[in-house]
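A.B. asks: Quick one: the structure is below, questions incoming.
The values are calculated or read from the model by the stated rules, or taken from the named source; none is laboratory data. The model shown is predicted, which means the values in this text are computed figures rather than measured ones. Using ideal geometry, Cβ is built from the backbone for each residue, glycine included, and neighbour counts are taken over all protein chains shown.
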Amino acid sequence: METILLGIPWIPVLATLLAVRGRAPAAVAASSCGTVVVALLALWAEGRTVAAELPWFPTLGTAYRLQADGLGLLFALLVAGVGVLVALYAGAYLEHEARQPAFFAYLLLFTGAMLGLVLADDLLTLYVFWEATSVASFALIGFHDDRWEARQAAVRALVVTVVGGLAMLAGFVLLAQEAGTFRLSELGPLRDSPRAGWILALVLAGAFTKSAQVPVHFWLPGAMVAPTPVSAYLHSATMVKAGVFLLLRMLPVLGGLEAWRAWVVPTGLVTFVFGAAVAVLQDDLKALLAYGTVSALGLATALVGAGTELGRDAAVLYLLNHAAYKGTLFLLAGAVEHEAGTRRIRELRGLGRRMPATAALAAVAAFSLAALPGSGGFVAKDAVAKALEPSLEPWLWLGAVLSSAFAFRFLQVFLGGPDGVKRHEPLGLWAPALPLAALCVVFGTWRALPEAVMAQLGAMHNVWPELSAAKSVPAVSAALAGAGVGWLGTSVVPRWPALRWNGERVFDAAQAALMRFAERLTAATLTGRLRDYLVVVLGVAVVGAGWPLVGARWPEIRPVAYEAVFVGIGACAVLVTVLSRSLLGAVVALGAVGYTMVFFFMSLRAPDVALTQVLVETVTLVLFLAVVVHLLSPDVPDRHPWAGVDLVASVCVGLVAAALAFQATAGPPTRRLAEFFAENAERAGGANLVNLILVDFRGLDTLGEITVLGIAALGILALARRAV
C-alpha cells in the first residue's frame, strides 16, 4: 500500500505522455483519474492511516512524504472523482478544439499536483505541490492565449496565489524551526512561541489568497474566462478549496492561538456575505457561480476559524456538498453557453423546454444550494448552524437568503419562453453532471453517506438533521425570501452601476504602474555608457563592503618613516595622474604609482615580488604609451559634467578599500596556513615559499589566471588581425 500511495500523484502526470499524443486525450484523462479513484478506495478499505516516504533532502530533515489519513483521502477522492466527470465533459465541450491534447495535459498535471497537495505529510512537499497547482492553473486559465482577457486573468491568478504561497513557505520554515520537524503529522500545538504571530500571519496569507478571501478574492471571478471545464474543476471543486484544506491541516497546530479566531472567523464571514451579495447582482452565469463560490469558501473558512472539532467536521461536510452542487451548476452553465452562445441571464429564457434534462439537473443542484429539506445542502447547513455560535446566526441567515437568491437567478434561464422549441441537448454536456446532481440528493436522503464521511474524520457526533417543522420551515422561508431577492435582483442588475475600483482594476493599475517604473528604471540605468555602469557597480560595492565597517574596531597604526615617504610619493603621482592635461603625462604618473609599490615589496624582503611588479609595470607603461602615441590627440578631453561624480566614486572606493585592508589586520594573524607552507616546503621540492605557493600549493589558481590571460591574448590577436 505504501508504494501505491507514493505513486498516486504521479499517475495523472504520467498519463500526460499519452494525452499529448492526441489519441483520445479525454479518455486518457478520465481513465487515469478513475485509476486513482480505485487506488484511493483500496487505501480506504485498509481502515488505517497509510504513510510512506522517499528520501529527498535528508540534511534539511525533509522528504517526499505522503499520508492517507481520513481528511486527505476525502479530498483526494473529491479531486479524482470530479476529475473523471470533468474529463468526460471536456471531451464533448472541446470537441472541435484543435489544442485538445494540450488542454488535457495541463488538466492532468493539475490533478497530480492537487493529489500530492492533499496527501502531503511534509511541509515542503505540500509547498511544492501547492505551487505546482498555481502553475498548472495558470496554463488552464490562459488556455485561450489569443485573448488578452485570458492572459491577464491567468497572470492575476498566478501572481496572487504565488505571492501568498511564498509567504506560506516562510511560515512553514519558521514553523519547522520551532517544532523541529517538517512532518505535518508530528507538529504539535504552537502557543508560547514568540514567532507564533508571524507564523500564523504567513500561513493565513497563503490560505486566504488560494481560497479567494476578501480582499484578495478578485482573481477567482476573473478566472471565469477559462473554458468551463476548468471553472468546474479548479474553481468550484478542487483548487480553491486548497486554502481551506490548509486551514484544516493547521487547525491542530495554530487553532489554539487567540489570533486564529480573531482573524479567520471575521474574514470568512465577510467573504461569505460579500460573495453572496455580489453574486445576486451578476448577469453572467459563470460570474454568478464564481462569486457564489467565493461566498461558500468564506463560510467554510469561518467554520474552521471557530477552532472546534464540530466546526472542522461541518466545514468538510459543507465543502463536499458544495463541490457536488456547484460542480453541477458550472457544468450546466457551460452546456447552456455551448448551445445558446451566451451566458447573459437577460438574454436567456425558456431553456427548460429546449434542454429539459439540463433544467432538471440544474433544479436539483439549485435546491441543494438553497439548502431545501431533502438535499445535501440542508444537511450541510444544519451542521453549519450547530457549529457556529448563536451570536453569528444572523450572518448565516443573511448569507442563506442571498445564496437562495442567486440560485433562483440561475434557474431563471430555464423559466418561461415560448412553446414548441426544438430540443437540442447533447448527451456529453449533461450526463457528466448527473452523478454530481445525484450526490446532492443522496447526501440529503441517505443517512449512511454523511455518517461515513464523519467516521472517516473520526467524528463522534451526529450530523444528520431531524426533519421537523422547526428546521424545515426556516429553511423553506429563507429559500422563498431568497427567490424574492433574486427576482428583485433581475430588475436591479441592468441599472446597477459598475464599480469604478475593484480588485481587478486595482491589480491592473498596480501592474501598469510597475511596468512604467520598470521602463523608466531601465532607461535610467541601461544607458550604454561604461562609466555609468562602473559608478553603479562600484557604488553598490562601496555600500555593501563599507556598511559592516561602521562601528568596527580599528587597529593601531604605527607607520615607519620610509613607508610614509613611499605613500607620499604615490599620492603625489595619483594627483598628477588625475590633474594632468596631457595623456602622456597621466600615463607616466600612473606608472610611477605602480613603481612605488616596488619599494614596499623590497622593504618586506620580497625581491621576487618586487621584480615581478617592475616587469608588469614596465610592460603596462610601454603598452599605454604605444596606445597614446597612436591617438589623434594626446590631450585630455574637456571634463564632462559628471566629473564630480567620478571623483566622489573614486575617493569612496579608495577609502573603503583602504579601510578593509586596515580592518583585515585588526585581529591577531592566523599562522596555521603560514606554518603549513613552511613545514611542507621541502616536500614540495623548493626553498622559495612565494614560488612554491604560486606553482604548487595554489597551482590551480595560477593555472586559472594563466588561462584568463591566454583567452585575453587570443581576443587581442583576433582584433589585431581584423584591424589589419
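A.B. asks: Going residue by residue through region 160-183, is there one that turns out to be more than 17 Å from Leu246 (Cα to Cα), buried (at least 22 other Cβ atoms within 10 Å of the Cβ), in contact (Cβ under 8 Å) with a residue 60 or more places away in the chain and not aliphatic (A, V, I, L, M)?
C.D. replies: Within region 160-183 (the criterion being more than 17 Å from Leu246 (Cα to Cα), buried (at least 22 other Cβ atoms within 10 Å of the Cβ), in contact (Cβ under 8 Å) with a residue 60 or more places away in the chain and not aliphatic (A, V, I, L, M)), the answer is no, since none of the residues qualifies.
A.B. asks: Checking Ala76 against (1) closer than 16 Å to Ala15 by Cα; (2) buried (at least 22 other Cβ atoms within 10 Å of the Cβ); (3) small (Gly, Ala, Ser), only one condition comes out false. Which one?
C.D. replies: The single condition Ala76 does not satisfy is (1).
A.B. asks: Related question: Across region 253-294, which residue is surrounded by the fewest Cβ atoms within 10 Å (Cβ to Cβ) among those that are more than 26 Å from the chain's Cα centre (by Cα) and of a type in the set (Gly, Ala, Ser)?
C.D. replies: Taking the candidates together, the pick is Gly256.
A.B. asks: Additional query: Could you give me the residue pairs with C-beta distances under 9 Å whose first residue belongs to region 125-138 and is over 14 Å from Pro9 (Cα atoms), whose second residue is of a type in the set (Lys, Arg) and crowded, with 23+ Cβ neighbours inside 10 Å wherever it lies, and which are 6+ apart or on separate chains?
C.D. replies: Sorted first by the residue in region 125-138, then by its partner, the pairs are Ser134/Lys210.
A.B. asks: Residues Ala102, Ala98, Ala150: which one is surrounded by fewer than 24 Cβ atoms within 10 Å (Cβ to Cβ) and not in a helix (DSSP H, G or I)?
C.D. replies: Step by step, each of Ala102, Ala98, Ala150 is checked, and only Ala98 is surrounded by fewer than 24 Cβ atoms within 10 Å (Cβ to Cβ) and not in a helix (DSSP H, G or I).
A.B. asks: Against the definition (at pLDDT 90 or above and within 26 Å of the chain's Cα centre (by Cα)), how does Thr35 come out, yes or no?
C.D. replies: No; evaluated as a whole, the condition is false for this residue.
A.B. asks: Of all the helices (runs of 4 or more DSSP H) wholly in region 426-518, which have at least 3 residues that are modelled with pLDDT of 60 or more?
C.D. replies: Those helices (runs of 4 or more DSSP H) span 427-430, 433-445, 448-457.
A.B. asks: Something else: Given the options Ala237, Ala315, name the one that is more than 26 Å from Arg183 (Cβ to Cβ) and among the hydrophobic types (A, V, I, L, M, F, W, C).
C.D. replies: Unique residue meeting the criteria: Ala237.
A.B. asks: Return the total of residues in region 211-269 being closer than 30 Å to Ala102 by Cα and either among the polar types (S, T, N, Q) or assigned by TED's automatic domain parsing to the domain that holds Gly311 (or both).
C.D. replies: So the count comes out to 5.
A.B. asks: Among the residues in region 674-687, are any surrounded by fewer than 14 Cβ atoms within 10 Å (Cβ to Cβ), in contact (Cβ under 8 Å) with a residue 12 or more places away in the chain and not in a helix (DSSP H, G or I)?
C.D. replies: Taking every residue of region 674-687 in turn, none turns out to be surrounded by fewer than 14 Cβ atoms within 10 Å (Cβ to Cβ), in contact (Cβ under 8 Å) with a residue 12 or more places away in the chain and not in a helix (DSSP H, G or I).
A.B. asks: Now, a different point. Failed condition for Asp419, given (1) modelled with pLDDT under 85; (2) surrounded by 15 or more Cβ atoms within 10 Å (Cβ to Cβ); (3) not polar (S, T, N, Q), with all others met?
C.D. replies: In the conditions (1) modelled with pLDDT under 85; (2) surrounded by 15 or more Cβ atoms within 10 Å (Cβ to Cβ); (3) not polar (S, T, N, Q), Asp419 misses (2) alone.
A.B. asks: Could you please find all residues in region 184-201 being surrounded by fewer than 19 Cβ atoms within 10 Å (Cβ to Cβ), of a type outside the set (Lys, Arg), in contact (Cβ under 8 Å) with a residue 40 or more places away in the chain and outside any helix (DSSP H, G or I)?
C.D. replies: Gly188, Pro189
A.B. asks: Could you list, in sequence order, the residues of region 365-377 that are of a type in the set (A, V, I, L, M, F, W, C) and surrounded by fewer than 24 Cβ atoms within 10 Å (Cβ to Cβ)?
C.D. replies: Once the filter is applied, which keeps residues that are of a type in the set (A, V, I, L, M, F, W, C) and surrounded by fewer than 24 Cβ atoms within 10 Å (Cβ to Cβ), region 365-377 yields only Leu372.
A.B. asks: I'm told Ala666 meets every condition in (1) surrounded by 10 or more Cβ atoms within 10 Å (Cβ to Cβ); (2) at pLDDT 70 or above; (3) out of contact with any Gly (no Cβ under 7 Å at 6 or more places or on another chain); (4) small (Gly, Ala, Ser) except one. Can you identify the failing condition by its number?
C.D. replies: Of (1) surrounded by 10 or more Cβ atoms within 10 Å (Cβ to Cβ); (2) at pLDDT 70 or above; (3) out of contact with any Gly (no Cβ under 7 Å at 6 or more places or on another chain); (4) small (Gly, Ala, Ser), only one is false for Ala666: (2).
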